[in-house]
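The values are calculated or read from the model by the stated rules, or taken from the named source; none is laboratory data. Because the structure is predicted, anything quoted here is derived from the model rather than measured. Positions of Cβ are backbone-derived with ideal geometry, glycine not excepted, and every protein chain shown enters the neighbour counts.
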Amino acid sequence: MLESGNGCVLQTRTLSKRYGKRLAVNKLDLEVAEGDIYGFLGPNGAGKSTTIRMILTLIRPTEGSVQLFGTDVRSDRAPLARVGGLVEKPDFYNYLSARKNLEIVSALYGSVDKKRIDEVLAIVGLSDRGDDRVKAYSHGMKQRLGIAQALLPDPALLILDEPTNGLDPHGMKEVRELIRRLNAEHGMTIFLSSHLLNEIEQVANRMCILHKGELVVQGTVKELLDKEAVTVRITAEPKEQAASLLQSMDWVNYTGEENGELTCTIAENDLARTNGALIEAGVQVSGFSPRRSLEDYFISITGEAEAL
């Protein structure tokens, strides 16, 4: 259950979707609290986009329910007015300006005025390019324009499906910073779907991992990483003696040498005694760097070697 005291913005119960014999999503229970940046993590094909489409009522679930702001959207679609969504790749009229594209989308919302269009262009950093045709935009600018579309109704909950997909490192950084600003400065709860582990680790406070349509784990990023053994890189001399000692310690999982450093995994409460044992044996330890890795955790519970 949620540990946050802010209430539940998004909740699914036994949410499932079947296509013929294939079960794309299986009995998914999610809980997103107000103020979260919630990482919806899983490899490609895990069922993330299917789940988002069910949340936004773009497709019907085979089983289960979706509640937004405490209301079941099967019986009342009104809460969807408080949700903005970017699902997969955004589409535009490339021969029109960004502003004109936003005006067309705003007509679907009914009453979005010119001032709001100016506001969302400013939020995503496109004010000075708003009157340029979209065909002249880079991929990163198109992604930000897609987010601007989702921001038009000034949503309380923003759902983003792989928003950094295909971007270069600079573009990815811009989108990450935008997500943080929307959360911190505009008070939006963000539901962020991604297969990029590093992205979730950098921006999310809570997360879940989806694997083959099933929820594997859910909680705060910190608590999930704290459950795992810590990856440690050790620089020590004599190296051979240090390696031999590490292999003899039954609480250490020695994994070898990488770039001149000895690597192993150790439970957090065994870190101090490992370092102490090396020093006591006369080994000169010049580097002892523990690191919790979301990637290691992801692979350990899903077995996905493709994780980035």
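Values computed for the structure shown
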{"quantity": "Which numbered condition residue 60 fails, given (1) at pLDDT 95 or above; (2) touching a strand residue (DSSP E or B) at 6+ places or on another chain (Cβ under 6 Å); (3) over 15 Å from residue 211 (Cα atoms)", "calculated": "(2)"}
{"quantity": "Answer residue from the range 61-77, given it is acidic (Asp, Glu) and part of a strand (DSSP E or B) and is nearest to residue 51 (Cα to Cα) among those", "calculated": "63"}
{"quantity": "Set 64, 20, 42, 85: member being among the small types (Gly, Ala, Ser) and within 23 Å of residue 186 (Cα to Cα)", "calculated": "85"}
{"quantity": "Residue in the range 159-177 that is part of a loop (DSSP other than H, G, I, E, B), surrounded by 14 or more Cβ atoms within 10 Å (Cβ to Cβ), among the hydroxyl-bearing types (Ser, Thr, Tyr) and more than 20 Å from the chain's Cα centre (by Cα) present", "calculated": "no"}
{"quantity": "When residues of the range 215-237 are limited to those that are buried (at least 16 other Cβ atoms within 10 Å of the Cβ) and not in a strand (DSSP E or B), the one modelled with the lowest pLDDT", "calculated": "228"}
{"quantity": "Scope the range 78-118; condition in a loop (DSSP other than H, G, I, E, B) and within 26 Å of the chain's Cα centre (by Cα); matching residues", "calculated": "87, 88, 89, 90, 91, 92"}
{"quantity": "Per-region count, the range 119-146, residues assigned to a helix (DSSP H, G or I), of a type in the set (Gly, Ala, Ser) and surrounded by fewer than 16 Cβ atoms within 10 Å (Cβ to Cβ)", "calculated": "3"}
{"quantity": "Only one of 16, 75, 49 that is in the same structural domain as residue 154 (by TED's automatic domain parsing), hydroxyl-bearing (Ser, Thr, Tyr) and under 21 Å from residue 179 (Cβ atoms)", "calculated": "49"}
{"quantity": "The range 271-285, residues that are assigned to a loop (DSSP other than H, G, I, E, B) and of a type in the set (A, V, I, L, M)", "calculated": "281, 283"}
{"quantity": "Selected residue (criterion: nearest to residue 288 (Cα to Cα)) from residues of the range 241-270 that are of a type in the set (Ser, Thr, Tyr) and assigned to a helix (DSSP H, G or I)", "calculated": "244"}
{"quantity": "Only one of 85, 130, 146, 140 that is at negative phi, touching a Pro at 6+ places or on another chain (Cβ under 6 Å) and not charged (D, E, K, R)", "calculated": "146"}
{"quantity": "Scope the range 134-179; condition touching a strand residue (DSSP E or B) at 6+ places or on another chain (Cβ under 7 Å) and among the charged types (D, E, K, R); matching residues", "calculated": "161, 162"}
{"quantity": "Filtered residues of the range 85-128 (kept if in contact (Cβ under 8 Å) with a residue 40 or more places away in the chain and polar (S, T, N, Q))", "calculated": "94, 101, 106"}
